[in-house]
Amino acid sequence: HLTSKKHLTKARIKASGAPVPEGQEFSLNDKEKARSYARSLAGKPFVVKPAVGTGGVGVSTGLLTLEDFDWAWEKIIRSQKATMRNDGFIIVEEQVPGDDYRVCVVGEKAVSIVKRAPAHIVGDGRHAVEHLVNLKNQSRAANPHLAQRRIRLDRSAVFQLARQGMRKGDVPPAGQVVFLSTAGNISQGGDSISVLHETHASILEAAVKAVRAFPGLAVGGVDFLMEDHRIDLSNQRAGICEINSVPASTMHHYPAYGESCNVSRLIFEEYARLRSLPLGAPNERCEQVQVRITTMAEEQRVKRWIEPLIAEYAVEWASWRKESHDISFQLSGPYEPITALASRFITGTEGVAVESVGVQVVN
């Protein structure tokens, strides 16, 4: 799909009149050319990222020096070996000052916008960085979308700490914000903040215009960089860096802060409209939902994980059955908690790696 090619996507968005950051694409065999271009950007923040990829894998932002470029280049090499998702090209581009946002466009309307803050902790003057990370991960565990998207003190986080003159065991002063990542990606431990109702109309219009640049694209997740979502686009620096043709919807349902938006329902209704399919009134309760979880984990370990979750979401369950590596059971109750449960099942837990989840409404 065209939107999976970030450099081609940017060219099409730019032709539509929506703003994009300036940058160039390079082969992984042309490190010196890419390095030379990064040198031309030195002194201003720049970004290095794979030309193809999702989830923020291999993306480095806030880079200033050639040393930073070399580190980011090696990060992409490592991510390519780990995921095999890169197509052998990288993008080096200017970094638009400000924050990272995901705008969800459905049809002709921007229905939700989530600000994505990079993984960080705030010092309290008493606890070390690693302890504050644990505390924040505990609070994230209560959110269905963030529960398995923990902040990790991995090599990249340690590098970011070092750039701020800190280590894992240091105690930051009260109120000091300590960043553990430069990319505002939620899957990398970032925070999600819903801000639709205070976003300037010009920004929402630009997001819709960018999606329209791709004929046949009914739904798009627009990644927008800007200084302030409350200000007219013409009065600030801003740029759209990519569009996701299959955007993650869960961040809009379960933001860390702000108002939730049921974008899944809006997407469903849009596709029904496009195909002239009549929709009846939605049910608020499921009398019977069949769930199938495929996992190699032991049955009792799976049961010990699932039973407290079902109790937490206050739904009813019955007919537990195990066949080979499939565990099946039935749920009944309100749609919303059952939907949240399905999201929790997908991510699994420690000791239970989930291969697939099937959810079917029987009634």
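Observations on the model:
- Close pairs from the range 218-243: first closer than 19 Å to G23 by Cβ, partner of a type in the set (D, E) and open to solvent by less than 20 Å² (accessible area, probe 1.4 Å), Cβ under 8 Å, at least 6 apart: I240/D223; C241/E93; C241/D223; E242/D223; I243/D223
- Residues in the range 10-50 that are within 25 Å of L233 (Cα to Cα) and without any contact (Cβ under 8 Å) to a residue 12 or more places away in the chain: A11, K14.
- The residue that is nearest to E284 (Cα to Cα), counting only those in the range 323-363 that are open to solvent by less than 50 Å² (accessible area, probe 1.4 Å), of a type in the set (A, V, I, L, M) and in a strand (DSSP E or B), is L331.
- Residue in the range 72-121 that is modelled with the highest pLDDT, counting only those that are touching a Gly at 6+ places or on another chain (Cβ under 7 Å) and of a type in the set (K, R): R102
- Restricting the range 18-76 to residues that are among the acidic types (D, E) and farther than 21 Å from P97 by Cβ, the residue that is least open to solvent (accessible area, probe 1.4 Å): D70
- Residue within the range 284-298 that is over 16 Å from V359 (Cα atoms) and touching a helix residue (DSSP H, G or I) at 6+ places or on another chain (Cβ under 8 Å) present: yes
- Scanning the range 160-188 for residues that are touching a residue at least 12 places away in the same chain (Cβ under 8 Å), open to solvent by 50 Å² or more (accessible area, probe 1.4 Å) and under 21 Å from L63 (Cβ atoms) returns Q164, V177, F179, Q188.
- The residues in the range 146-194 that are within 22 Å of P45 (Cβ to Cβ), in contact with a Pro (Cβ under 7 Å, 6 or more places away or on another chain) and not in a loop (DSSP other than H, G, I, E, B) can be counted, and the count is 3.
- Of everything listed in (1) more than 21 Å from G62 (Cβ to Cβ); (2) out of contact with any His (no Cβ under 9 Å at 6 or more places or on another chain); (3) hydrophobic (A, V, I, L, M, F, W, C), the single unmet condition for L135 is (2).
- Residue within the range 131-145 that is free of Cβ contacts under 8 Å to residues at least 12 places away in the same chain, surrounded by fewer than 18 Cβ atoms within 10 Å (Cβ to Cβ), over 30 Å from E22 (Cβ atoms) and in contact with a Leu (Cβ under 9 Å, 6 or more places away or on another chain) present: yes
- The strands (runs of 3 or more DSSP E) found wholly in the range 195-308 and carrying at least 2 residues that are open to solvent by 30 Å² or more (accessible area, probe 1.4 Å) and at pLDDT below 95 occupy 285-295.
The values are calculated or read from the model by the stated rules, or taken from the named source; none is laboratory data. In this text the structure is predicted, and so the values were computed from the model without any measurement. No Cβ is skipped: glycine too gets one built from the backbone with ideal geometry, and neighbour counts run over all protein chains shown. Heads up: the accessible areas ignore ligands, DNA and RNA and are worked out on the full protein's heavy atoms, side chains in. Shrake-Rupley method; radii C 1.70, N 1.55, O 1.52, S 1.80 Å.
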